[in-house]
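Participant: The structure under discussion is supplied below as structure tokens; questions concerning it will follow.
The values are calculated or read from the model by the stated rules, or taken from the named source; none is laboratory data. Quick caveat: nothing in here was measured; it's all calculated off a predicted structure. Here the Cβ is made from the backbone with ideal geometry for all residues, glycine too, and neighbour counts use every protein chain on show.
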Amino acid sequence: MASGQTLSAPDIQIRALESQDDFRGAVQLQKSIWGFEDVDLLPARLFVVATKIGGHAFGAFHNARMVAFCLSIPGLKTGGQYYLHSHMLGVAPEYRNYGIGRQLKLQQREEALSRELDLMEWTFDPLELKNAYFNIERLGAVIRRYVRNQYGKTSSQLHGGLPTDRCTAEWWLRSDRVVQAIAGRAFSKPAIEAKVTVPADIEQIRRNEPRRAREVQSALCDRFEELFSENLAVVAFEKSGTAGTYCFGRFA
């Protein structure tokens, strides 16, 4: 984006990715966003397959430039429940904080609802507190699973050499919780029974104190797994100048 240029929501167009050029553009965006080496990239052929077997890919464009994308693939749970797994969503660094990620998630929701689906899931790093707040408070997702080192160590400097521990966000698309959250209204939450905090400066810790960052991550994992084993779920997220706090309660 040119120096001094401002950006507003109407400047962004969201559309389905369909052509080989579209898919190659999404691969290039992965490199610029995460700094992945080739071994960690989602190849263009995966975008092709996903869009032909019930998944979808969307791009956000500023003029003719793709500045963000998302990719989902179909999933099937034990018992026969179909859902969409949103595998990757990325926004070019200079286009963050304009609500583009939210636009893409809402487009994904609309697409899923058009297929009569009730659930979308995705994983996120629980040390990424901004993402946690967005997923839980802005979108209304709940968390009931924690996976240790889901993708193995990657070539991205953004992961700081840490194991890729991930939480799974469940987005129940038709629920009152989600409907109210995406409308920007307060939604009903169950009673909070436990809280787990992460230092607000965890990104700085990850960059400068990798051993301490690993200690924070390990303690977080142990506590999450303990609370999930008690049938609690993350149902709210609080943020302050000193910490991000995951709030656990009963979720039916």
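Participant: Could you tell me which of the residues Thr242, Thr197, Thr168 is over 25 Å from Met88 (Cα atoms), modelled with pLDDT of 95 or more, surrounded by 13 or more Cβ atoms within 10 Å (Cβ to Cβ) and among the hydroxyl-bearing types (Ser, Thr, Tyr)?
Facilitator: Thr197 is the lone residue from the list that is over 25 Å from Met88 (Cα atoms), modelled with pLDDT of 95 or more, surrounded by 13 or more Cβ atoms within 10 Å (Cβ to Cβ) and among the hydroxyl-bearing types (Ser, Thr, Tyr).
Participant: Restricting attention to the stretch 219-252, and to residues there that are in a loop (DSSP other than H, G, I, E, B) and not hydroxyl-bearing (Ser, Thr, Tyr), which single residue is farthest from the chain's Cα centre (by Cα)?
Facilitator: Glu230
Participant: Any idea how many residues of the stretch 213-252 are among the small types (Gly, Ala, Ser), within 14 Å of Pro190 (Cβ to Cβ) and without any contact (Cβ under 8 Å) to a residue 24 or more places away in the chain?
Facilitator: Number of matching residues: 1.
Participant: Determine whether Gln81 is surrounded by fewer than 21 Cβ atoms within 10 Å (Cβ to Cβ) and under 16 Å from the mean Cα position of the chain (by Cα).
Facilitator: no
Participant: Could you tell me how many of the residues in the stretch 203-238 are in contact with a strand residue (DSSP E or B) (Cβ under 8 Å, 6 or more places away or on another chain) and surrounded by 15 or more Cβ atoms within 10 Å (Cβ to Cβ)?
Facilitator: 15
Participant: For the stretch 160-211, enumerate the residues that are in a loop (DSSP other than H, G, I, E, B), closer than 18 Å to Phe248 by Cβ and among the small types (Gly, Ala, Ser).
Facilitator: Selection gives Ser188, Ala191.
Participant: Restricting attention to the stretch 131-150, and to residues there that are in a loop (DSSP other than H, G, I, E, B) and of a type outside the set (Lys, Arg), which single residue is nearest to Phe228 (Cα to Cα)?
Facilitator: Looking at the filtered set, the residue picked out is Ala141.
Participant: Exactly one condition in (1) buried (at least 16 other Cβ atoms within 10 Å of the Cβ); (2) at pLDDT 95 or above; (3) more than 12 Å from Pro126 (Cα to Cα) is false for Ser156; which is it?
Facilitator: Here Ser156 clears every test but (2).
Participant: Here is a follow-up. Being at pLDDT 95 or above and closer than 17 Å to Arg144 by Cβ is the requirement here; does Phe237 meet it?
Facilitator: In short, yes.
Participant: Considering Leu162, Leu106, Leu113, which residue is surrounded by 18 or more Cβ atoms within 10 Å (Cβ to Cβ), of a type in the set (A, V, I, L, M) and out of contact with any strand residue (DSSP E or B) (no Cβ under 8 Å at 6 or more places or on another chain)?
Facilitator: Leu162
Participant: Let me ask another. Quick one: Ser188 ticks every box in (1) in contact (Cβ under 8 Å) with a residue 12 or more places away in the chain; (2) more than 16 Å from Thr245 (Cα to Cα); (3) under 19 Å from the mean Cα position of the chain (by Cα) bar one, so which box is it?
Facilitator: Just one mismatch for Ser188, condition (3).
Participant: Can you name the strands (runs of 3 or more DSSP E) wholly within the stretch 25-130 that have at least 1 residues being in contact with a helix residue (DSSP H, G or I) (Cβ under 7 Å, 6 or more places away or on another chain) and of a type in the set (Gly, Ala, Ser)?
Facilitator: By residue number, 56-62, 65-76, 82-91.
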